[in-house]
Amino acid sequence: MIGHRFLLLPCLAATLYGCASESTGSDGSVGINGAGTFTLAPGESRTILVATTYRNIRICNDVGSSGTFDGALGDYPAVTLQPGMCTSNTGQYGDRITIHNVSASPATGLFQSGGTKPLSRGGR
């Protein structure tokens, strides 16, 4: 019986590590990240899961980027971002971003999650 306990802990740790690590799906989606950068080829789309809870997420098109892309937070409408521009999605919360390069040049950008969605009086 004692041998099973020693095997359980490494198996549990390996399972949790696999669930928390970044993974890329066949549809271009990427695993959980709190902040990061991305590069999109012309016409490429990608969905990035940023958090497990709804957060305010800022999306920026890098100043050195040569392309323009559309960025959307959660289910909110997409905003077109020129190089050097960032979203101003105050009051919008989501757990993922969807980005799509609408230009004929590669586009680079970054994203960063802020605080979680404030709770109401009832805790919801």
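The values are calculated or read from the model by the stated rules, or taken from the named source; none is laboratory data. Because the structure is a prediction, the values reported are computed rather than measured. Cβ sites come from the backbone with ideal geometry, for glycine too, and all protein chains shown count toward neighbours.
Couple of notes before you dig in:
- Of everything in the range 76-94 that is at pLDDT below 90 and surrounded by fewer than 17 Cβ atoms within 10 Å (Cβ to Cβ), the residue that is nearest to Ala41 (Cα to Cα) is Ser88.
- Residue match in the range 113-120 (condition: in a strand (DSSP E or B), buried (at least 19 other Cβ atoms within 10 Å of the Cβ) and at pLDDT 90 or above): no
- A count restricted to the range 44-82 and to residues that are of a type outside the set (Lys, Arg) and part of a strand (DSSP E or B) stands at 17.
- Contacts under 7 angstrom Cβ, first residue in the range 39-53 being in contact (Cβ under 8 Å) with a residue 12 or more places away in the chain, partner assigned to a strand (DSSP E or B) and surrounded by fewer than 16 Cβ atoms within 10 Å (Cβ to Cβ), 6 or more apart: Thr53/Thr116
- Selection within the range 46-66 - under 16 Å from Phe111 (Cβ atoms), more than 13 Å from the chain's Cα centre (by Cα) and of a type outside the set (A, V, I, L, M): Asn61, Asp62, Ser65
- Hey, Ser103 out of contact with any Phe, Trp or Tyr (no Cβ under 6 Å at 6 or more places or on another chain), buried (at least 16 other Cβ atoms within 10 Å of the Cβ) and more than 15 Å from Gly36 (Cα to Cα) or not: yes
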